[in-house]
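Enquirer: After the structure tokens below, expect a handful of questions from me.
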Amino acid sequence: MLEDTIVAIATPLGEGSIGVIRMSGPEAINIGQRVFRAKKNKDWYIKDNYKIIYGHIVDPQTNEVLDEVLLSVMRGPRSFTAEDVVEISCHGGIVPLKRVLELLLRMGARLAEAGEFSKRAFINGRLDLSQAESIIDLIRAKTTDGAKIALNQLQGRLSEQVHVLQNDILGLLAQIEAIIDFPEDDLPEQTLDQMSLACQRLIDTINRLLEQADTGKIYREGLKTVIVGKPNVGKSSLLNALLREQRAIVTDIPGTTRDVIEEVINIKGVPLKIIDTAGLRETQDLVEKLGVERSRQLLNQADLVLLVLDASTGITKEDLEVIKLIKDKRVLVLINKIDLNVHHIDTTELKQYFNASAILEISAQQEIGLEQLEQTILELVLAGKVTNSENILVSNSRHKYALEQARNHLMEAQQGMKSYIPADLVAIDLKSSWEFLGDITGKNVSEDLIDRIFADFCIGK
Ligand code: GDP
Ligand code: ZN
């Protein structure tokens with residue numbers, strides 16, 4: 001499979017000052033030599049391990065010049081894929097890029113699949129699986145903190161931690177092997193107690209990693225937030241005020257159906273993915289427009305609901321309809337329009353209907369109380385835990401699952417040590433725990449899983 005040479009456009013398609021074509025594999029340099037005419041350094045393909053050379057891409061069959069380029073040579077194993085890599089920086093237009101790409105394909109390269117470059121880096125041992133996965137997290141990061149967490153993972157911080165855990169388990173396994181050789185009636189109790197303690201330390205370490213996993217996931221994927229409220233309470237105004245205040249709109253992803261729009265707001269490093277029902281016709285509320293079913297779906301997925309009420313109208317029947325839908329969610333109540341100085345909302349009455357996480361007074365229009373709102377959201381999300389993006393934060397649910405399984409097997413092993421069940425059964429649990437940890441770095445994961453993970457990447461990565 002690694003015999004062939006792959007090629008892809010590595011930069012987004014569109015107009016840009018440059019566009020990069022990346023080629024990797026045993027024929028990369030040979031193909032490069034056949035299509036590239038260097039201005040100087042004409043013997044680059046013989047002698048250079050690393051070099052950037054100026055020249056032209058020329059179709060050897062027609063002698064037509066396709067583009068004026070910079071060509072970078074990076075000979076394996078010291079390249080991204082650990083193979084010979086040639087990158088061609090072309091002019092960043094769709095046509096020149098496509099023509100150069102087509103020429104390289106004609107010369108024998110094969111079009112890379114999504115994520116295939118990273119996959120080769122993994123297969124060739126340049127990156128482990130958790131490092132490779134962090135590349136996509138880094139590219140998709142929505143805030144600086146999200147990017148820092150991904151970068152830590154790319155640098156192998158999580159992998160290091162996993163290796164330490166795995167080594168300790170191997171130590172325990174070695175001890176178990178020794179015990180197996182003891183006669184049945186002479187179990188060394190002290191050793192077992194010590195081992196049980198060692199097990200507990202491992203369990204504690206994993207638990208600490210898991211404790212922050214939910215936070216890590218929020219930094220990686222954003223906190224799904226829905227703004228609800230009857231028509232005219234100020235939902236759109238609130239969203240606009242938050243966007244204005246932040247001036248840090250990272251993306252603007254129109255929903256698949258035109259009924260919902262998602263905006264990302266940066267709250268002190270935490271990306272808040274706000275599902276904006278403001279795109280709805282103003283006279284219709286969420287439930288009316290989308291139907292109860294769709295609203296339920298949206299609300300079901302939400303990590304946080306912002307319920308907007310109108311201070312000047314008090315709690316109305318329409319509000320109660322909305323409240324019915326969000327009773328079981330984590331809800332922040334925002335009493336809006338306090339600038340009008342008519343406050344008809346009785347918070348004790350409100351508390352009878354459901355258990356709000358917090359009740360705040362704001363004016364979306366006058367931008368009053370927004371700082372407080374952000375602070376409250378942050379506290380809710382981090383639940384008082386100090387989170388430092390420099391820490392190892394497990395942000396990937398695949399890793400979280402593997403850690404949970406590893407911990408559970410350690411707990412069973414520990415239980416076994418305490419109740420003196422046969423040592424070889426304890427060994428099985430320790431071994432399972434070790435294997436689940438290996439899933440994170442990809443030591444023994446199936447080809448299927450590897451394919452699935454890298455398919456999530458974009459072409460050229
Ligand atoms: P939505 O239907 O819930 O999205 O409500 P809008 O954001 O469109 O607001 C409805 C009306 O209330 C508009 O005329 C807003 O200007 C007004 N409004 C929104 N927030 C406030 C506020 O804090 N104070 C006052 N006085 N008016 C507001
Ligand atoms: Zn609106």
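The values are calculated or read from the model by the stated rules, or taken from the named source; none is laboratory data. On a predicted model such as this, the values are computed, not experimentally measured, just so you know. Reconstructed Cβ throughout: ideal geometry from the backbone, glycine too, with neighbour counts over all protein chains shown. When the accessible area is computed, the model is the full protein with side chains, heavy atoms only, and any ligands, DNA or RNA have been set aside. Shrake-Rupley method; radii C 1.70, N 1.55, O 1.52, S 1.80 Å.
Enquirer: Pop out the carbon and sulfur fraction of the accessible area of the chain as a percent, whole number, probe 1.4 Å.
Expert: Carbon and sulfur: 50 percent of the exposed surface of the chain.
Enquirer: Quickly rank 205-217, 328-340 as a protection proxy: mean count of other C-beta atoms within 10 Å, highest first.
Expert: 328-340, 205-217
Enquirer: May I pose another question? I need the calculated FRET efficiency for the pair residue 102 and residue 244, taking r as the beta carbon distance and R₀ as 51 Å, to the nearest 0.05.
Expert: 0.65
Enquirer: List the residues, sorted by chain then number, that are 5 or more residues from residue 70 or on another chain and whose placed amide H is less than 5 Å from its amide H.
Expert: 89
Enquirer: Ok, one more. For segment 58-143, what class follows from the C-alpha gyration tensor (a ≥ b ≥ c being the square roots of its eigenvalues): rounded when a/c is under 1.5, otherwise prolate if a/b is larger than b/c, else oblate?
Expert: Verdict is prolate for segment 58-143.
Enquirer: Does segment 1-120 come out rounded, prolate or oblate by the C-alpha gyration tensor, with a ≥ b ≥ c the root eigenvalues, rounded set by a/c under 1.5 and, if not, prolate when a/b is larger than b/c and oblate if not?
Expert: rounded
Enquirer: Amide H neighbours of residue 127 under 5 Å, counting only residues 5+ apart in sequence or on other chains, H built in-plane at 1.01 Å?
Expert: 122
Enquirer: Show 120, 106 ordered by accessible area, largest first, where the area counts protein heavy atoms only and the probe is 1.4 Å.
Expert: 106, 120
Enquirer: Based on the alpha-carbon gyration tensor of the chain and its eigenvalue square roots a ≥ b ≥ c, which shape applies: rounded if a/c is under 1.5, prolate if not and a/b is larger than b/c, or oblate?
Expert: Note, shape of the chain comes out oblate.
Enquirer: Would you mind getting the accessible area per residue of segment 1-112, heavy atoms of the protein chains only, 1.4 Å probe, in Å²?
Expert: 50 Å²
Enquirer: Same structure again: Packing-wise, with mean Cβ within 10 Å as the measure, how do 189-196, 227-234 rank, highest first?
Expert: Per-residue mean Cβ counts within 10 Å order the peptides as 227-234, 189-196.
Enquirer: Using the structure shown, select from 235/400; 51/119; 51/273 the pairs with a Cα to Cα distance greater than 32 angstrom.
Expert: 235/400; 51/273
Enquirer: If you don't mind, another one. Percent antiparallel among DSSP beta bridges with both residues in the chain, to the nearest 5?
Expert: 65 percent
Enquirer: How large is the accessible surface of residue 343 in square angstrom, using a 1.4 angstrom probe and rounding to the nearest 10?
Expert: Near enough 80 Å² of accessible area.
Enquirer: Further question: Check which residues have an amide H placed less than 5 Å from residue 227's amide H, if you skip close sequence neighbours.
Expert: Under 5 Å from the amide H of residue 227: 275, 277, 306.
Enquirer: Can you tell me the accessible area per residue over segment 343-461, all protein chains present, probe 1.4 angstrom, in square angstrom?
Expert: In whole numbers, segment 343-461 has 51 Å² accessible per residue.
Enquirer: Within the set 47/443; 217/337; 217/324; 329/351, which residue pairs have Cα atoms separated by over 24 Å?
Expert: 47/443; 217/337; 217/324
Enquirer: Starting from 0.36 nm per residue, how many nanometres of slack lie between residue 401 and residue 170 once their C-alpha separation is accounted for?
Expert: Net length gain for the segment: 81.1 nm.
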